[in-house]
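Reviewing the structure listed below.
The values are calculated or read from the model by the stated rules, or taken from the named source; none is laboratory data. What you are looking at is a predicted structure, and each value in this text was computed from that prediction instead of being measured. Neighbour counts run over all protein chains shown; Cβ positions are idealised from the backbone, glycine included.
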Amino acid sequence: MTVTTDAPGTLPTPADEARLWALIEAAWAELGAEPLALRQAVIDCDPADDDGDGPAYAIDAWLDAFLDRLGHLTAELTGQELTDLDRVVERKLHDIDREDIHEVTDGSDDGFLYARGFIVALGRAYYEAVRANPAMALLDADCEGMCYLFAHLHNDRFGSWPETGSGISRESFGNRVGWSA
């Protein structure tokens with residue numbers, strides 16, 4: 001895997017972004033009412049009031065099933081379609097690779113990547129809430145599987161790692177704009 005940072009490159013299309021968020025919503029919806037309610041509670045909660053036993057952490061029990069559903073929903077996609085989705089995830093992870101979000105989530109290089117994976121996995125509403133107000137992020141919440149899901153699916157199905165052409169890195173501390181010098 002080649003990783004570069006902040007170079008000009010291919011951007012996700014609005015259609016690809018919409019597809020990602022729709023797939024995430026569909027995967028959560030297929031799991032039923034309980035995880036949907038927990039997810040909404042995370043979006044609506046004040047993280048300062050969560051003592052570690054609330055919905056913000058109860059959703060963890062549903063993340064593997066969510067990723068499994070997302071994989072099933074993309075089973076018929078072409079290699080290009082999976083690459084396009086991976087490019088969107090890569091961009092979303094890169095865009096929230098910021099010092100102010102890290103201050104809330106904490107974590108090492110990998111830990112902060114997985115925390116950002118959790119933010120993306122919960123869907124657009126939570127992603128946008130955290131992006132606008134980093135205090136909405138959660139300490140110790142993570143979803144490692146979301147970070148490279150579409151890249152792994154591409155590799156499993158087509159025998160190669162997708163080349164997104166984005167010129168950015170999803171890895172932690174790669175978004176120079178998000179960090180003070």
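Descriptive notes on the structure:
- Residue check, residue 104 surrounded by fewer than 16 Cβ atoms within 10 Å (Cβ to Cβ) and farther than 19 Å from residue 40 by Cβ: no
- Which numbered condition residue 64 fails, given (1) out of contact with any helix residue (DSSP H, G or I) (no Cβ under 7 Å at 6 or more places or on another chain); (2) at pLDDT below 95; (3) not hydroxyl-bearing (Ser, Thr, Tyr): (2)
- Restricting the stretch 96-116 to residues that are among the hydroxyl-bearing types (Ser, Thr, Tyr) and modelled with pLDDT under 95, the residue that is farthest from the chain's Cα centre (by Cα): 108
- Scanning the stretch 139-157 for residues that are at pLDDT 90 or above, more than 19 Å from residue 12 (Cα to Cα) and either surrounded by 14 or more Cβ atoms within 10 Å (Cβ to Cβ) or under 12 Å from the mean Cα position of the chain (by Cα) (or both) yields 141, 142, 143, 144, 145, 155, 157.
- Residue match in the stretch 113-132 (condition: surrounded by fewer than 19 Cβ atoms within 10 Å (Cβ to Cβ) and part of a loop (DSSP other than H, G, I, E, B)): no
- Of the set (1) polar (S, T, N, Q); (2) at pLDDT below 90; (3) closer than 21 Å to residue 69 by Cα, all apply to residue 5 but (3).
- Matching residues, the stretch 100-112, being assigned to a helix (DSSP H, G or I) and either basic (Lys, Arg) or in contact with a helix residue (DSSP H, G or I) (Cβ under 6 Å, 6 or more places away or on another chain) (or both): 100, 101, 102, 104, 105, 112
- Residue count for the stretch 135-154 under the criterion of being part of a helix (DSSP H, G or I) and either among the charged types (D, E, K, R) or farther than 15 Å from residue 93 by Cβ (or both): the result is 5.
- Residue pairs meeting the criteria (Cβ under 7 Å; at least 6 apart or on separate chains; first without any contact (Cβ under 8 Å) to a residue 24 or more places away in the chain, in the stretch 56-83; second part of a helix (DSSP H, G or I)): 58/38
- The residue list 157, 170 contains one member that is farther than 15 Å from residue 42 by Cβ, among the charged types (D, E, K, R) and part of a helix (DSSP H, G or I), which is 157.
- Criterion: under 15 Å from residue 165 (Cβ atoms) and modelled with pLDDT of 95 or more - qualifying residue of 93, 23, 11, 82: 82
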